[in-house]
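The values are calculated or read from the model by the stated rules, or taken from the named source; none is laboratory data. What you see is a predicted model; the values in this text were computed from it and never measured. Counting neighbours? That spans all protein chains shown, and the Cβs are built from the backbone with ideal geometry, glycine included.
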Amino acid sequence: MLRSVPALLLLLWLGSPFVTSIGARAQAAEQVEVVPARIAVNSRDSLRTALASLEVLLEQTRAKGDRKAEANLLGAIANSYNGLQQQQKAIETFETARVIWHEMGDSEHEATTVAHIGDVYRTWGFPEQANRYYRDALSLYPITDKAGRGATLNNLSLTYFSLNNRKKCLETLNESLEIFRDLRDRRGEALALANLGAAYVFLVNDPMKAIDFLQQAVTKLEVLNDLKSEAGAFDEMGMAWHNLGKSEMAGLSFQRSVELYQGIGDDHGEATVRKHMRNLGEQQTEASSR
């Protein structure tokens with residue numbers, strides 16, 4: 001379960017092993033200034049309510065001619081569309097925001113918007129398109145925006161993972177890890193370590209190295225109280241121990257993952273781990289019967 005990093009981190013569990021950085025990035029702080037705090041976005045109904053309110057605000061903002069606020073609102077509207085799984089509308093709206101940032105000469109916000117488009121394509125299941133947008137974003141980010149670059153590199157690695165490009169996946173993950181460490185961004189570092197662990201489980205097939213990365217990640221995630229990411233790391237660690245033939249250690253890792261998911265009420269995460277346990281148990285049974 002690879003994790004993505006927003007240029008400020010928001011965990012997204014995909015069906016794959018990585019963690020992602022989606023949604024927040026540099027735009028998020030400014031969106032908070034223009035979106036009323038009472039707007040909740042925790043469900044489809046609240047997303048629809050938020051979207052309606054944002055569209056009213058957008059018309060008012062356009063009437064005032066405030067281009068910066070307009071671009072920020074378009075970003076918030078695009079995120080709402082994406083949350084409602086209206087990906088094409090999300091992309092079109094982000095593209096409109098991108099044009100405004102470009103016309104304003106704001107390369108940092110343009111880069112963030114382009115990276116968001118990459119996020120939409122990636123979670124929509126189009127890694128090649130996402131890869132192109134992430135690389136475009138990297139070419140736009142000012143060299144001083146290390147946070148944006150680190151998050152985008154992390155998410156770019158997810159597309160290389162999906163495309164089974166081991167070399168580029170590891171290169172981009174290591175580059176993002178170096179940036180997060182330079183920034184003393186503990187969360188970004190932890191997620192990059194967890195993603196490296198996942199890559200060494202699923203792409204490289206080096207379970208010992210995977211376990212090393214995952215144990216480092218777990219230590220940091222525990223301090224950060226990021227239980228969901230920690231649960232995912234233990235799930236991946238269980239697979240690594242299984243690949244080493246250490247069934248007892250695998251079982252302990254899977255069980256810890258289940259406990260963490262139960263603790264946060266994540267039924268989907270728990271079900272995923274239990275499915276892994278069943279599948280690996282069946283494999284062991286088949287192997288022992290031969």
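A few points about this structure:
- Within the stretch 34-62, residues that are in a helix (DSSP H, G or I) sit with their Cβ atoms under 6 Å from residues that are modelled with pLDDT of 95 or more and of a type in the set (V, I, T), at 6+ positions apart or across chains, in these pairs: L54/I77.
Here is a yes/no grid of residues against (1) closer than 29 Å to T272 by Cα; (2) modelled with pLDDT of 95 or more; (3) over 18 Å from the mean Cα position of the chain (by Cα):
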| position | (1), (2), (3) |
| --- | --- |
| G15 | yes, no, no |
| A26 | no, no, no |
| A37 | no, no, yes |
| A50 | no, no, yes |
| V56 | no, yes, yes |
| D66 | no, yes, yes |
| E70 | no, yes, yes |
| A111 | no, yes, no |
| V114 | no, yes, no |
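- None of I117, I91 is under 23 Å from L191 (Cβ atoms) and either crowded, with 19+ Cβ neighbours inside 10 Å or of a type in the set (S, T, Y) (or both) except I117.
- Residue within the stretch 96-103 that is over 22 Å from the mean Cα position of the chain (by Cα) and not in a helix (DSSP H, G or I) present: no
- The listed residue being buried (at least 16 other Cβ atoms within 10 Å of the Cβ) and either out of contact with any strand residue (DSSP E or B) (no Cβ under 6 Å at 6 or more places or on another chain) or within 19 Å of E171 (Cα to Cα) (or both), out of A233, A271: A233
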